[in-house]
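Scroll down for the structure; my scribbles are underneath it.
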Amino acid sequence: MTAKPASLRNLALAIDVGGTNIKGGIITRGGDLVTHAYAATLSRAAPETVVLQLLGLVQELCEQSGLRPEQLDGIGVSMAAFVTADGVITATAHLSRAWLGYNLKTRLAADLCLESYFSLDTPAPTLGEYYYGAGQGIDDLAYVTVSTGVGAGIIAQGKYFTGGLGWAGGVGHIIIDENSPIVCEGCHNHGCLETFAAKQGILAATRELANLHPESRIWMLADGDLAAVTPQMVSQAAQAGDPAAQEVFRRAGHALGLGLVSLADIVAPSRIVVGGGIARAGELLLGPARRVVQERAFPPRIRQVEIVQAALGDLSGIFGAAAMVFYDLRINSPIE
Ligand SMILES: [Zn+2]
């Protein structure tokens, strides 16, 4: 296979393999989404099952767009797993353990004659927002995702920054309050950022505040069962003006702001883009976070860092996967 030089590539096949679904798209170099599609996946399914779904999705994308695979200039894959730039899966918390050691590059090459690129699902959305979203033109950028956990991808001087050990960007485990009774489900320390600002923190604050406010809309949305509450329900209640739900996001946003102070003080990005499911609450979360950074980052010049919402929603991963194809980006996941 002779791949086109990266500078001449114009059409990328982009895939995002997550724990619950696979997203796929065909994307132009200019950032047009020609077509996209989803397939549900069983998170613990065997690799070959997931690969067959992936290939089915590729076929669907080609049929929808009227393009043949050989008209595409490469495939980029974002994975919910650590994966080497050569496509070997080395660790995963969200997919079957049967993936460990699996060579996805070799497997895809058996069916698709395309140059292939791979990355963990933190670099991919970061690259998506940098090349096509809310971080365009910002060569010193941090992308922070707030969902089940909190993580960050860093672009330094126009390049994705992994750090020597490969783990740069682990902002979710910045310790906000070491005296907190809450133990982090990830690192088992007390009081990490993500115990306050991500799903775990949102749900804990919701339980506390809903019990103090029996009139809260949260009760109605959860059918009277707080165990059934999701961050989306709290967001919905907050958007509708429910004070208890708004207080949940104010607290989460404040904690996020404390984490962003550390990130901004250390990395000094010009802009921080915040994405992930919980960040869809927008200003309910970002407003309090921005206020903390404007008051506390140091030196004061750093307080001017822009904090904005991600632009690509849950498609940031496939846009990043496409960027790897267009800009020949090979990013190794951390070594455990
Ligand atoms: Zn932690």
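Only helical DSSP H runs with n ≥ 4 go in: add -39500 (n - 2.57) per run for the chain, normalise by residue count and round the 222 nm mean residue ellipticity to 500 deg cm²/dmol. Display every interim value, and only then the final one.
Values: 10 runs with 121 residues, N = 336.
So the helix-based figure for the chain works out to -11000 deg cm²/dmol.
Once you've got the GNM for the chain with C-alpha springs shorter than 10 Å, pick whichever of 186, 19, 317 has the biggest mean-square fluctuation.
186
Can you list the chymotrypsin sites (Phe, Trp or Tyr not before Pro) in the range 127-197 that are in a DSSP coil and have 14 or fewer other beta carbons within 10 angstrom? Can you show the working numbers first?
On the way: sites: 130, 131, 132, 143, 160, 161, 167, 196; in loops: 167.
The qualifying sites are 167.
In nm², what is the average projected area of the convex hull enclosing the Cα atoms of the range 190-336?
11.1 nm²
Considering only 95, 116, 135, whose Cα is most displaced toward the positive end of the charge dipole of the range 64-144, charges sitting on Cβ of Lys, Arg (+1) and Asp, Glu (-1)?
95
Where only protein heavy atoms count, and the probe is 1.4 Å, what is the accessible area per residue for the range 98-137 in Å²?
35 Å²
Shape of the chain from its Cα gyration tensor (a ≥ b ≥ c, root eigenvalues): rounded if a/c is under 1.5, otherwise prolate when a/b > b/c, or oblate?
Taking the square roots of the gyration eigenvalues as a ≥ b ≥ c, the chain is prolate.
Rolling a 1.4 angstrom probe over the protein chains, ignoring ligands and nucleic acids, what is the accessible area of residue 180 in square angstrom, nearest 10?
10 Å²
Could you state how much accessible area residue 36 has, in square angstrom rounded to the nearest 10, with a 1.4 Å probe and all protein chains kept in place?
Looks like 80 Å² after rounding.
Show me, bin by bin at 10 Å from 0, the whole-percent P(r) of the range 1-49 based on Cα pairs.
23, 38, 28, 11
Measure off, as a whole percent, the carbon and sulfur share of the 1.4 Å-probe accessible area of the range 1-132, all protein chains present.
Heavy-atom surface of the range 1-132 belonging to carbon and sulfur, 1.4 Å probe: 53 percent.
Given the C-alpha atoms of the range 1-111, compute the convex hull and give its volume per residue in Å³.
Details: hull volume 11.1 nm³, N = 111.
Residue-normalised Cα hull volume stands at 100 Å³.
Can you give the angle from 0 to 90° between the axis of helix 283-296 and the longest principal axis of the chain, with both taken from C-alpha atoms, to the nearest 10?
Helix 283-296 and the main axis of the chain meet at about 70 degrees.
Can you give me the relative contact order of the range 212-314 as a percent, contacts being Cα pairs under 8 Å and 6 or more apart?
Relative contact order, the range 212-314: 27 percent.
Which whole-number value in Å³ per residue fits the convex hull of the alpha carbons of the range 25-88?
On the way: hull volume 7.1 nm³, N = 64.
Each residue corresponds to 112 Å³ of Cα convex hull volume.
Can you pull out the cysteines in the chain that have no other Cys Cβ under 4.7 Å?
62, 113, 187
State to the nearest 20 debye the size of the charge dipole of the range 222-336 about its Cα centre, where the only charges are +1 on K and R beta carbons and -1 on D and E beta carbons.
That gives the range 222-336 a dipole magnitude of about 520 debye.
For the range 117-273, give the magnitude of the charge dipole about the Cα centre (Cβ charges: +1 Lys/Arg, -1 Asp/Glu; no others), in debye to the nearest 20.
In total the dipole reaches around 200 debye.
Compute, for the range 1-103, the length of the dipole vector about the Cα centre, with Cβ point charges of +1 (Lys, Arg) and -1 (Asp, Glu) only. Units Debye, rounded to 20. Show your work: numbers first, answer last.
Working: 7 positive and 8 negative charges, 34 e Å.
That gives a dipole near 160 debye.
Ratio to report: Rg/Rh of the range 45-165, with Cα atoms as the point set and Rh obtained by the Kirkwood method; give two decimals.
On the way: Rg = 15.7 Å, Rh = 15.9 Å.
Rg/Rh: 0.99.
With every protein chain left in place, what is the accessible area of residue 199 in Å² (1.4 Å probe, nearest 10)?
In the full protein context, residue 199 sits at about 90 Å².
Could you put 215, 283 in order of accessible surface area, largest first, with the 1.4 Å probe and the full protein assembly present? It would help to have the intermediate numbers written out before the result.
Details: 215 135, 283 105 Å².
Heavy-atom accessible area, descending, gives 215, 283.
Once Lys and Arg get +1 and Asp and Glu get -1 on their Cβ, which of 278, 189, 243 lies farthest toward the positive end of the dipole of the range 184-291?
278
Rounded, prolate or oblate, given the Cα gyration tensor of the range 236-286, with a/c below 1.5 counting as rounded?
prolate
Using only Cα atoms, tell me the angle between helix 316-327 and the longest principal axis of the chain; keep it within 0 to 90° and round to the nearest 10.
Between helix and principal axis, roughly 40 degrees.
Rounded to whole Å and ordered largest first, report the semi-axes of the equivalent ellipsoid of the range 115-235 derived from its Cα gyration tensor (root of 5λ).
One finds semi-axes of 33, 18, 12 Å for the range 115-235.
Please give the helix 243-267 orientation as an angle from the longest Cα principal axis of the chain, in degrees from 0 to 90, rounded to the nearest 10.
That helix lies at roughly 60 degrees to the long axis.
The values are calculated or read from the model by the stated rules, or taken from the named source; none is laboratory data. Since the structure is predicted, the reported quantities are computational estimates derived from the model, not experimental observations. Every residue, glycine among them, receives a Cβ derived from its backbone with ideal geometry; neighbour counts consider all protein chains shown. Ligands, DNA and RNA are stripped out before the accessible areas are found, and what is left, the full protein with its side chains, is counted by its heavy atoms. Shrake-Rupley method; radii C 1.70, N 1.55, O 1.52, S 1.80 Å.
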